[in-house]
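Chemist: One structure follows; several queries about it will come next.
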Amino acid sequence: MTRYNILLPALAVLFSLILSGCNLFSYEFKGTQFDPPIPIDDFELVDNHNQPFHLSDVKGNIVLVFFGYTFCPDVCPLTLADVRTALDGLEGREHVKVLFISVDPDRDTPESLDEYVTAFDPDFIGLTDPDYANVQKVMKPFGAYAEKEGVENSAAGYLVNHTARLYLLNPQQEMLLTYAFGFDADDLRSDLEHLISQLGS
């Protein structure tokens, strides 16, 4: 058998692997993946500059969504800090938008939200609505919840039990990934790096 005849089958296999994408180096998401992704309808809320905000305003970007409130004693600040860590120095950071949606519109005015979210990152977007029913409509497709709980002998008066998950929307505004409270910032960063690398491809 000639050298050509020996190499030909190997080259054919290699070529077929290349054409099929090979999948030897396929990426495995660190967050919990929705397969297929879940479409999220457009919505309108009020941002931390007291201006109307539509989800479609950030279409084409990767969007991180978290439902919380400014009086939250632990889950919210820790989650936003982890998001900030994941984004720190990230190449393509401008393609990632962070939405902090208040589940406590009675206390979270646009002004208080602005002070809160910009303390973590000036590019974070705080969202609220004086009509809580509108916030509830936004929460529904995410499967998120929030419920007030009275607290005795507290200046806050009440806390809000709420979903502690971070949600990631792809550029088509579909819910692709979710992260439980306490996620590793490096895991989120890895997923973002992969998704950013796919933009425009």
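Chemist: Suppose the chain between K148 and R107 were pulled fully straight at 0.36 nm per residue; how much longer would it get relative to their current alpha carbon spacing?
Modeler: Taking K148 through R107 to full extension adds about 13.5 nm, to one decimal.
Chemist: Moving on to the next point. Under 16 Å Cα-Cα from K59, which lysines qualify once same-chain neighbours fewer than 8 residues away are excluded?
Modeler: K97
Chemist: How would region 96-173 be classified by its alpha-carbon gyration tensor: rounded, prolate or oblate, with rounded meaning a/c under 1.5 and the a/b versus b/c comparison settling the rest?
Modeler: Cα axes put region 96-173 in the oblate bin.
Chemist: Still on this structure, I have one more. Sorted by mean Cβ packing within 10 Å, highest first, what order do the peptides 125-135, 48-58, 72-82 take?
Modeler: Ranking, from highest mean packing down: 125-135, 72-82, 48-58.
Chemist: Taking the alpha-carbon distance from K140 and a cut-off under 12 Å, which aspartates and glutamates remain once sequence neighbours fewer than 8 residues away in the same chain are dropped?
Modeler: Here the aspartates and glutamates satisfying the reach criterion relative to K140 are D41.
Chemist: Could you pull out every one of the aspartates and glutamates with an alpha carbon less than 18 Å from that of K148, ignoring same-chain neighbours closer than 8 positions?
Modeler: D74, D104, D106, D108, D129, D131
Here, each number is a calculation from the coordinates, and none is a lab measurement. Keep in mind the model is a prediction, meaning the values are calculated, not measured. Because the Cβ atoms are built from the backbone with ideal geometry, glycine has one as well, and the counts that use them run over all protein chains shown.
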